[in-house]
Amino acid sequence: MKHWIEAARVRTLPLSVSGIIVGSFYAMSQAMFNWNIVIFALLTTLGLQILSNFANDYGDGIKGTDNEDRVGPKRAIQKGIITPAQMKSAMIVTSFITLCFAVLLIYYAFKDSYLLYSFIFLFLGILAIASAIRYTVGKSAYGYRGYGDIFVFIFFGLVSTFGVYFMFSKEIDLLLLLPATAIGFLSVGVLNLNNMRDEESDRKAGKNTIVVKNGGAWAKKYHYFLIISALVLVVAFAILFDFSDRDPANPDKFNFDLYLFLIAFFPIIAHLKRVAKNKNPKLLDPELKKLALSTFLLSILLSLSVLYFLSDIIVNTFLGGR
C-alpha cells in the first residue's frame, strides 16, 4: 500500500481539485448546491489525476525515459518496487473506478431530464480517461510531442471549473472563464516546472516536451507568462464580480476581507523569484509542490471571498436541502 500511495503522487492531488472547488463555490454563491455533484466531481477528478500519474510511471518506465539521468524522484517502476504488469493492471482498475464515478456524477447532475448533456459529459469523461493514459503510453503518446500542456489546461482548468458549474446551473457563465483560465495556467505551470527540471533527461530519451522543443530560457519566460497571467485574471475576476459591493448595509464600503485571496499571491510571487534565479534543475523539484499547494490555497481563498457576504444563501442551501 505504501508503494501504491507513493506511485499515486499525493502531492499532485490538491492541485487537481482546485477547479472543482472554484466552480462549486461559484455555484453556491448563486444558491445552487448539491453534495452529490461535489463529492463525485472531486472523486472523478482525483481518479483522473491518479490514473495520469500511474500512466506516466508506466509509459516513461517501459520507454526507458525514467533512467539515471532523470533529475526528479525515482518512480515506482524505475525503482523496481512495482512491475510494469502490475502498473498496467492498476491503470485498468483506476480507469474503471474513475468512469463509475463519472457516470454517478452525470446521473446526479442531469438524471433523466437532460439526456443530451449526459451524453456530452459522458463523452468528455471517456476522453479525459483516454487522454490521461495516452499522455505517455503508446507510440503516439502526445506528451512526447509537446502537447501535454494543452491536456492539462483543458481538463484541469476549463472543463474542471466550467464543467462542475454547468452541472449545477445547466448554463454557461462567461465570468467564470477568468478563474477557470487562471487555474488552467497555474496547473500548466506545475507541468512546465516538471519539464524544466527534466529537460536534459527528456531530450536524451526522445521525450519532446514543449521545454525540450524550445529550450530552458524560453521555458522560463513561458513560466512567467503562465503565472503572472493567472494572477491578473484572478484580480480581474474579483473586480468584475464586484467584490467591493457585496455588503448591502454599507454599499460604499470597500471590503478588504473580500480580497483575502491575495494572501495566496505571496508564495506564488516568491516562487517566481526562485525560478528566475534558478540555475540548477534539481532545485526546481520542491517548487512543484509549492506551486501546487499555492494554487490550491488560492482556490480555497478565492472561493471563500465569493461567499463572504452570502451566509444567508449558504444557510438556506444546507438547511433547505438544495
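Per-structure values
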read-out: GNM top mover of PHE296, PHE261, PHE241 - the chain, alpha-carbon springs below 10 Å; value: PHE241
read-out: Exposure of TYR114 as accessible area (Å², to 10), given a probe of 1.4 Å and all protein chains; value: 90 Å²
read-out: Residues LYS221 and GLU68, FRET efficiency given R0 of 35 Å [Cβ-Cβ distance, rounded to 0.05]; value: 0.70
read-out: Between helix 216-240 and the chain: long-axis angle, C-alpha atoms, 0 to 90°, nearest 10; value: 10 degrees
read-out: Furthest towards positive pole of dipole, GLY206, LEU15, LEU272, structure part the chain, Cβ charges; value: GLY206
read-out: Radius of gyration and maximum dimension Dmax of the chain, Cα, Å; value: 20.2, 64
read-out: Largest to smallest accessible area among PHE166, PHE225, PHE25 [probe 1.4 Å]; value: PHE225, PHE25, PHE166
read-out: Inter-site label distance for LEU175 and LYS79 at 7 Å from Cα along Cβ, in nm; value: 4.7 nm
read-out: Between 0 and 90°, nearest 10: helix 84-110 axis offset from the chain longest Cα axis; value: 20 degrees
read-out: Sum of side-chain charges, SER187 neighbourhood, beta-carbon under 15 Å (Lys, Arg +1; Asp, Glu -1); value: +2
read-out: Solvent-accessible surface ranking, highest first, for TYR117, TYR26, TYR259, TYR107 at 1.4 angstrom; value: TYR107, TYR117, TYR259, TYR26
read-out: The stretch 117-167 - percent of accessible surface contributed by carbon and sulfur, probe 1.4 Å; value: 80 percent
read-out: Added length on full extension, which subtracts the Cα-Cα distance from 0.36 nm per residue, GLN30 to LYS88; value: 16.6 nm
read-out: Nearest-10 value in Å² for the accessible area of TRP35, using the 1.4 Å probe; value: 140 Å²
read-out: FRET efficiency, ILE5 to ILE269 (Cβ-Cβ, R0 41 Å, nearest 0.05); value: 0.80
read-out: Accessible heavy-atom area order of HIS271, HIS3, highest first, probe of 1.4 Å; value: HIS3, HIS271
read-out: SER229 accessible area, 1.4 Å probe, all protein chains in place, Å² to nearest 10; value: 30 Å²
read-out: Folded to 0 to 90 degrees: helix 18-28 orientation relative to the chain principal axis, Cα; value: 10 degrees
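The values are calculated or read from the model by the stated rules, or taken from the named source; none is laboratory data. All values reported here derive from a predicted model rather than from experimental measurement. Counting neighbours? That spans all protein chains shown, and the Cβs are built from the backbone with ideal geometry, glycine included. Note: accessible area is taken over every heavy atom of the protein model, side chains too, but ligands, DNA and RNA are not part of it. Shrake-Rupley method; radii C 1.70, N 1.55, O 1.52, S 1.80 Å.
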